[in-house]
Amino acid sequence: MRIALIGGTGAIGAGLALRWAKDTDHEIVIGSRDPERAREAAAEYQQTAGAYGSAAKVTGFENAMAADRADLIILAVPPYHIAATIEAIADRLDAGDVLVSPAAGLRRDEDGFHSRPPSAGSVTQLAAEVAPDAVAVVGAFHNLAAGRLAELDAPLEVDTLVVGDDEQAVQTTMALAAEIEGLRAVYAGGIGVAAEIEGLTAVLINVAEANAEMADLGVRFR
């Protein structure tokens, strides 16, 4: 399978790309508004994963071209860019493609981080409203520490909660998540509960900032 990471030069995109490149044989496509930056990042990720014995192919393209080449597209962009990003790649998406949103709306004040969902109710719901009708949207990877993902020697042993209304798209996303060593995918319900899942991101950041030894914490459900 080809996995595109739109905004794949950012922190969460880099972490997921590196883990999939290290742990799987899927082709990884890095997307960026700047194609040269995408190519440079792809070469770096491939070299890093290669040091672990990986022969994964990692390529880089402008966002729309990256989406055109993939079956599953990770929207690794800030929440306020989700709608514009989907609109920019919409004509490159095919029926049956899966869009995955790891974004969570947040705001920060002197007390810490707080959940700030968009008017649609959640970032995942917003993505679903903007996406073409034949393209399924799934929410996943919201609560992962990007730094821990990118440190390939660091064990994960964490869960990612997955939400979505299309059963096949959810199963595809969960299967790909589970291919990352130490990551377990847990189904959390339909898109209607995405706000609650995305809101957990603020909780984790606040705990991490209050406890220096928990800088890269995650969650595990038992």
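No lab work stands behind these numbers, since they all come straight from the coordinates. Just so it is clear, the structure is predicted and the values come from calculations on it, not from any experiment. Cβ: placed from backbone, ideal geometry, glycine included. Neighbour counts: every protein chain shown.
Taking residue 181 and the conditions (1) touching a Lys or Arg at 6+ places or on another chain (Cβ under 9 Å); (2) free of Cβ contacts under 8 Å to residues at least 12 places away in the same chain, which numbered condition does it fall short on, given that it satisfies the others?
(2)
Being among the basic types (Lys, Arg) and touching a strand residue (DSSP E or B) at 6+ places or on another chain (Cβ under 7 Å) is the requirement here; does residue 148 meet it?
no
Could you list all residues from region 14-27 that are assigned to a helix (DSSP H, G or I) and more than 21 Å from residue 184 (Cβ to Cβ)?
If the condition is that a residue be assigned to a helix (DSSP H, G or I) and more than 21 Å from residue 184 (Cβ to Cβ), then 14 is the only one that fits.
Every residue, every condition in (1) closer than 27 Å to residue 203 by Cβ; (2) outside any strand (DSSP E or B); (3) touching a residue at least 12 places away in the same chain (Cβ under 8 Å), yes or no:
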site	(1), (2), (3)
29	no, no, yes
41	no, yes, yes
60	no, no, yes
74	yes, no, yes
85	yes, yes, yes
104	yes, yes, yes
128	yes, yes, yes
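Within region 151-163, does at least one residue satisfy the condition of being out of contact with any strand residue (DSSP E or B) (no Cβ under 8 Å at 6 or more places or on another chain) and closer than 28 Å to residue 67 by Cα?
yes
Of all residues in region 88-127, which are over 17 Å from the mean Cα position of the chain (by Cα) and either within 18 Å of residue 7 (Cα to Cα) or polar (S, T, N, Q) (or both)?
Residues satisfying the conditions are 88, 90, 91, 92, 93, 115, 119.
Can you say whether residue 21 is closer than 20 Å to residue 145 by Cα, small (Gly, Ala, Ser) and within 14 Å of the chain's Cα centre (by Cα), as far as the supplied structure shows?
no
For region 162-175, which positions are buried (at least 23 other Cβ atoms within 10 Å of the Cβ) and under 23 Å from residue 22 (Cβ atoms)?
162, 173
Quickly run through region 27-36 and pick out the residues that are crowded, with 19+ Cβ neighbours inside 10 Å and closer than 11 Å to residue 2 by Cα.
Residues satisfying the conditions are 28, 29, 30.
Return the residue satisfying two criteria in turn: it lies in region 43-89 and is in contact with a Leu (Cβ under 7 Å, 6 or more places away or on another chain) and aromatic (Phe, Trp, Tyr), and of such residues it is nearest to residue 149 (Cα to Cα).
Among those residues, the one meeting the criterion is 45.
Considering only region 129-156, how many residues are in contact with a helix residue (DSSP H, G or I) (Cβ under 6 Å, 6 or more places away or on another chain), surrounded by 19 or more Cβ atoms within 10 Å (Cβ to Cβ) and within 19 Å of residue 194 (Cβ to Cβ)?
Total meeting the criteria: 8.
So is residue 103 aliphatic (A, V, I, L, M), within 17 Å of residue 197 (Cβ to Cβ) and crowded, with 19+ Cβ neighbours inside 10 Å or not?
yes
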